[in-house]
Amino acid sequence: MDDGRIGSAATARYARKKEAILAAATAILNRQGVRGMTLADVAAKVGLITTSVTYYYRKKDDLAAACFMRGLERLEAMIAQAADQPDPPARLRKFITLYLDLNRQVRLGEMPPLVSFTEIKALKEPMRGSVTAAFNDLFRRVRGFFEGPAFEHLEKRERNARTHLLLEQVFWSGTWLRRYDLDDYDRVRDKIYDILVGGLAVPGRAWAPPALPDPTPGEVLDSRETFLVAATRLINQRGYRGASVEDISAALNVTKGSFYHHHDDKDALVVECFQRTFAVTRKAQVDARALAGDSWSQLSAAVAALVAYQLSDHGPLLRASSLGALPADIRHEMTEGYDLGSRRFAALISDGIADGSIRPVDAIIAAHMINSMLNAAAALGTWVPGLEREEAAYLFGRPLLMGVFTT
């Protein structure tokens, strides 16, 4: 398999064209997914005909896999530099710094974009296995941030959960960093680092989130809930474009005709899945607000309830990665739904800073990081085999709210 690297014997012209193809394919892949990317689209973007692209990459999956491998190569270089730092906090800070520097260069047009790894699962075998193995190798290297004498108290599953949390915080930051000017990036880096290391709770507070009622919207009919849960799971697994109407219908054991009886098209279904996700998030936040106690108790309750929900019979919530494939007008509306949830979290955090139960952090950045963590919670079982719903919030929510190096 071509790993996207350029051999020393390649001519300069060949190398430049190959780089251009990889950059163009990565941009399309991030926007349309593996299923939505075509060699014709890539060729058009770099001013070639399709057969010219096949000279470099014979099949679409070959090109997509090369994009993923190139992205892993770039991340590996960052991790190697971070690993040279003297202690875990310094490694973490260096890794965040390097990633934001890359994001800054991408926005300036000085570097090609980094591929979104959420689409690896949409590759066909044997490409998927090869790329997954390479990603797992990278995951183990990042897990080294949480190994050594200072972390002997952590079981492997705890280190895996924190590694997944850290990587997803970095990956998902690209969805909200564009809201900041490039001149603000140093401050953003400092605030991300401060939250990851120090958490949100003031010193002396314990992780003891009060229980909340089931946040499943009560107005949804049981049959409709079953339909939306099945569709959400399939879209999360295969991506928006990878989950066809035929696949969704088969998972629900209904005909395509029955599907179209309930929905005009797949976009309408995805919108309803997003609306359900927003309703669940809103209910958990509102129920938490109604609790007696300070804002730390309310925030930890909402986070714990939503992490646990991801692994419940009604879970998961629809991942935000599906937003990119939606038509622009629908995407804007759904993005606003996510923003409303973030603003509620930011309000809880701001109130906690005021009542003294939450550290003086950047409330907006902290809210984005909570949303990123919740998005990633649905995949936690991949990295923590045998995960039980009751322990998910402790393993995954607690490290973000209490600090990733907390004991």
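Just so you know, all these numbers are worked out from the coordinates, no wet-lab data involved. Just so we're clear, the structure is a prediction, and the values are computed from it rather than from any experiment. Don't worry about glycine lacking a Cβ; one is built from the backbone with ideal geometry, like all the others, and counts go over all protein chains shown.
Some notes on this structure:
- Maximal additional length on extending the R13-T226 stretch stands at 71.3 nm, based on 0.36 nm per residue less the C-alpha distance.
- Residues S244, S372 arranged by fewest to most Cβ contacts within 10 Å: S244, S372
- Anisotropy class of the chain from Cα gyration tensor, a/c 1.5 cut: oblate
- Highest-fluctuation residue, P203, P112, P316 considered, GNM on the chain with Cα pairs under 10 Å: P203
- Listed residues Q275, Q169, Q81, most fluctuating in the chain (Gaussian network, C-alpha, under 10 Å): Q81
- Electrostatic dipole magnitude of the chain [Cβ: Lys, Arg +1; Asp, Glu -1; Cα centre; debye, to 20]: 1140 debye
- For the residue pairs K94/K191; K18/K94; K124/K266; K17/K121; K94/K121, alpha carbon separations beyond 25 Å are given by K18/K94; K17/K121; K94/K121.
- Exposed GluC sites (Glu not before Pro) absent - longest run of the chain, DSSP non-H/G/I/E/B, at most 16 other C-beta within 10 Å: 220-387
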